[in-house]
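The structure under discussion appears below in the form of structure tokens.
Just so you know, all these numbers are worked out from the coordinates, no wet-lab data involved. Please read all numbers here as calculations on a predicted model, not as lab measurements. Note that each Cβ is placed from the backbone with ideal geometry, even for glycine, and that neighbours are counted across all protein chains shown.
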Amino acid sequence: MSGVETGEAVAFFLLAPLSVIGALGMVMARNAVHSALWLVLTMLSLGVFYIVQAGPFIGMVQIIVYTGAIMMLFLFVLMLVGRDASDSVIETLRGQRVVAIVLGVGLAGLLGLGTYRATQGLAVTGLDEANKAGNVQGLARLIFTNYVFAFEVTSALLITAAVGAMILAHVERRRGERVGQAAKMRERFLPGNYPGPKAGPGVYATSTSVATPAKLPDGSPAPRSISPILPTRELTAAEKANKHTEGR
Amino acid sequence: MPELKLPDIDYAALLPMLILFGAACVGVLIEGFVPRSVRNMVQLVLSLAAMVAALVFVIRRAGEVTAENAATIGGAIMIDNMGLFMEGALLVLGLVSLLLFGERTLERGGAFVPHAAVTVGSERDREQAVDSGATEVYPLALFSLGGMLMFVTANDLLTMFVALEVFSLPLYLMCALARRKRLLSQESALKYFLLGAYASAFFLFGVAMIYGFAKGVDFRAIHEAVRGSETSPTLLLIGLALVAIGLLFKIAAAPFHVWTPDVYQGAPTPVTAFMAACTKAAAFGALLRVLYVGFDGAKWHFTPVLGAVAVLTMLVGAVLAVTQTDLKRLLAYSSVANAGYLMVGLLGGNKDGLSSTLFYLVAYGFTVIAAFALVSLVRDADGEATHLSRWAGLGRRSPLFAGIFTFLLLAFAGIPLTSGFMAKFGVFGAAIAGDQTWLVIFGVLTSIVLAFPYLRVVVMMWLSEPGETTPSVSIPGVLTSAVLGIGTVATLLLGVLPGPLLELADQASSFIR
């Protein structure tokens, strides 16, 4: 099973440009959500590469863990932080971007060319042997023999990460700051507070768009029903009209 | 399918690391269950006890190393003489710098912020000024130290990479926890984290290239592949260069040093002392192992390149140290220059080079910890007064501490009767023996340049009149006094009676492949 087969070559030449485009888009996108989605594209392509190169386990892990879990978690965090946070385009160091691009392309060219020349005519060996007892079994054999210490010590890394997240992100509430359930309920039903859920967008309106505000009973739009991060949209006359609720 | 044979695990050899990791886990639990009022004391005692216990097991192991029992746990960890020496040195230096973590008399609540998540400058931030500092730093320091022990004994590049991450991640976190000048501290942590992640990526990329060349990542396979492989050496050179970048970043060699001044300045001073002594020692331990065990056959390739890096490092460190006005930044650039001197010894490339580098690491570690301990003493109402002009006339105010600092600076400058002289003498001698005289010439020249900023501080302390703004020198608590005492005495002893440590380093300077 050495050498490159047609299917493998087709898959590579289809996905390689996509993964590079994803990586470039990730770096260049102004919006953090777009960046994350570009990165998903790159990671999915990488996952397919791994599978094509006879590493199905690592390929599936790449797709399920990285793309599925970590990137989606990342998107949740971005959404919580605020979708409209975007990069400032002001360079703090003059000419830094140009220098970075020139050096980056130079390094990539150097490494790419070097690797290309070094791997010309290099025979692919050891793949069948590594996958002889099955791909997952082969990996398990390595993880539980040669690399068992590295594998176990990774737990130290996870504990450190958890402790670090607690230190840097968690503010302990002091005594007296804790509010009980009874006090919370009392506060909720205080005069001047609206205890019910707020209307969602589009309620009683003639459009299903999330950018259409709900209508109050008197027919006027309810500004609190649309998310503040959405761009304000000019409504058409049909959308402004009150919805027919009678006589149909 | 063949039977899976689980590797033999020599728990006695791994015990120092296991103790540190175990104590760190217990420390995390202490955070959850022990009341805040006694937490600092409990954590400090636990951490010190763990380090002493680990040190005891390192010493007990010292006589028992043979070629057969050195590699353990599937060949991932190599406890040879050199590894044991580095483990012992890291534990001793870590023990001394951990004493600084526990100091609570210089400032109410210690050098660490109680709640790092509180917004800087908010009302809550002002309220927490009187609270006791975060005690999570103790388990983090233990994790970091455990990772360092693993880093210097790792026998393959993959284990080395995991160790690199295990010891770096807690350091990034601890940098962000300064009580005063919190924005500077957070900025330094972010810079260190981003650049460190970048350096780790280079290291990992290099490992992949070397795997392609040697068909393995353990040092014996790499050694054999370098000796007699038919494959084109391009992959080897790319891989070695990328792995070296990852390691040179950690030892703060130019041009990978840019993080050093910012991080040294922003981090809490105890953490800076810990980083300056232990991170440098651990990274050099790993670099020695990589170059002497794995890539010794490629010596002709890497010596000129690393020699150029060493020269650049010495020049950048020495010249930029002259221009500094902040004492912590000055010590940071001095640490960059010292990385260059250490590389001179390393490139000597013989047994002398190895033993002199080991000696230098220990001698420099003691001196730098004591120097940062002294920096933490000179304070005013805003915390540490690190600007150079503030140190003018300090010799009149408190001759004892100014005297100690003068002695430490002279040790940095390499004046005889200090450990700095013996250390520099050793590495330069080894480089001459290894036909690297050009490095020694640059080393001596930059030493002369570097003496200037040190002597300027000395002159300022003793020959200027104390002004209105000259801060007072706080009376150190027991812990800082102990650190100052140990550091100064070690600097003096290693300068006057270097014999025992030289002998120890000489015995330790052998690898098992």
Under 15 Å from the Cβ of B:ALA176, count the other residues' Cβ atoms, weight Lys and Arg +1, Asp and Glu -1, and hand me the total. +1
Total formal charge among the other residues, if their Cβ is under 11 angstrom from that of A:PRO213, Lys/Arg +1 and Asp/Glu -1: +3
Give the residue list of trypsin sites (Lys or Arg not before Pro) in region A:168-237 that are DSSP loop and have at most 14 other beta-carbon atoms within 10 angstrom. A:ARG173, A:ARG174, A:ARG175, A:ARG178, A:LYS198, A:ARG233
Amide H of B:SER472: which non-local residues (sequence gap of 5 or more, or other chain) have their own amide H closer than 5 Å, using H built in the peptide plane? B:ARG379
Counting other C-beta atoms within 10 Å, which of B:LEU20, A:LEU37, B:LEU501 has the fewest, and how do the rest follow? A:LEU37, B:LEU501, B:LEU20
At most 14 other Cβ atoms within 10 Å plus a DSSP loop assignment makes a site exposed; report the longest stretch of chain A without any exposed GluC sites (Glu not before Pro). A:6-90
Please list, or write none, the lysines whose alpha carbon is within less than 29 Å of the alpha carbon of A:LYS132, excluding same-chain residues fewer than 8 places away. B:LYS5, B:LYS215
Two pseudo-spin positions, 7 Å from Cα along C-beta at A:VAL20 and at B:SER481, lie apart in nanometres by 6.7 nm
Over chain A, what relative contact order in percent results from Cα pairs under 8 Å that are six or more residues apart? 11 percent
Can you run phi through the Karplus equation (6.51, -1.76, 1.60; θ = phi - 60°) for region B:173-185 and list ³J(HN,Hα) in whole Hz, with x for Gly and Pro? 5, 5, 4, 8, 9, 5, 6, 9, 6, 5, 5, 4, 5
Any chance you could give the angle, 0 to 90 degrees and rounded to 10, that helix B:234-250 forms with the longest Cα principal axis of chain B? 20 degrees
Work out how far the C-alpha atoms of region A:1-86 reach from end to end along every principal axis, then list the three figures in whole Å, largest first. 49, 24, 12
In square nanometres, what is the average projected area of the Cα convex hull of region B:338-394? 4.9 nm²
Sites A:VAL61 and A:GLN181, calculated FRET efficiency, Cβ-Cβ separation with R0 45 Å, nearest 0.05: 0.60
I'd like the orientation of helix B:219-228 relative to chain B: the angle between its Cα long axis and the longest Cα principal axis, in ° from 0 to 90, rounded to 10. 50 degrees
Links that overshoot a 22 Å alpha carbon limit, given the list B:LYS280/B:LYS351; B:LYS191/B:LYS299; B:LYS299/B:LYS351; B:LYS250/B:LYS351; B:LYS280/B:LYS328: B:LYS191/B:LYS299; B:LYS250/B:LYS351
Using only Cα atoms, tell me the angle between helix B:36-61 and the longest principal axis of chain B; keep it within 0 to 90° and round to the nearest 10. 40 degrees
Quick check: residue separation of B:HIS301 and B:LEU455 times 0.36 nm, minus the Cα distance between them. What number comes out in nm? 51.6 nm
With each pseudo-label sitting 7 Å past Cα toward Cβ, what's the A:MET72-A:SER227 distance in nm, one decimal? 1.7 nm
FRET efficiency for B:ARG227 and B:GLU468 from the Cβ-Cβ distance with R0 = 45 Å, rounded to 0.05, comes out at 0.10
Using a cut-off of 12 Å between beta-carbons, work out the net charge of the residues near B:GLY393 (Lys and Arg +1, Asp and Glu -1, B:GLY393 not included). +1
Using R₀ = 41 Å, calculate the FRET efficiency as 1/(1 + (r/R₀)^6) where r is the Cβ-Cβ separation of B:ASP380 and B:LEU195; round to 0.05. 0.85
Distance (nanometres) between label positions extended 7 Å along Cα→Cβ at A:GLU152 and A:VAL105: 5.0 nm
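Report the trypsin sites (Lys or Arg not before Pro) located in region A:59-165 that are in a DSSP loop and have at most 12 other Cβ atoms inside 10 Å of their Cβ, or state none.
A:ARG94, A:LYS132
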Percent RCO, i.e. relative contact order, over chain B, from Cα pairs under 8 Å lying at least 6 residues apart: 16 percent
In whole Å, how far is the Cα centre of region B:25-65 from that of region B:383-442? 33 Å
Which loop trypsin sites (Lys or Arg not before Pro) in region B:343-405, with loop taken from DSSP, have no more than 12 other Cβ atoms within 10 angstrom of their Cβ? none
Within chain A, which DSSP H helices have Cα atoms that stretch 24 Å or more along the helix axis and a mean Kyte-Doolittle hydropathy of at least 0.5? A:6-28, A:32-52, A:96-119, A:148-169
Going by a ≥ b ≥ c, the root eigenvalues of the Cα gyration tensor, does region A:84-160 fall in the rounded group (a/c under 1.5), the prolate group (a/b larger than b/c) or the oblate group? oblate
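Counting each DSSP H run of 4 or more residues in the protein assembly as shown as -39500 (n - 2.57), what helix-only mean residue ellipticity at 222 nm follows after dividing by all residues, to the nearest 500 deg cm²/dmol?
Working: 31 runs with 489 residues, N = 761.
Calculated mean residue ellipticity at 222 nm is -21000 deg cm²/dmol.
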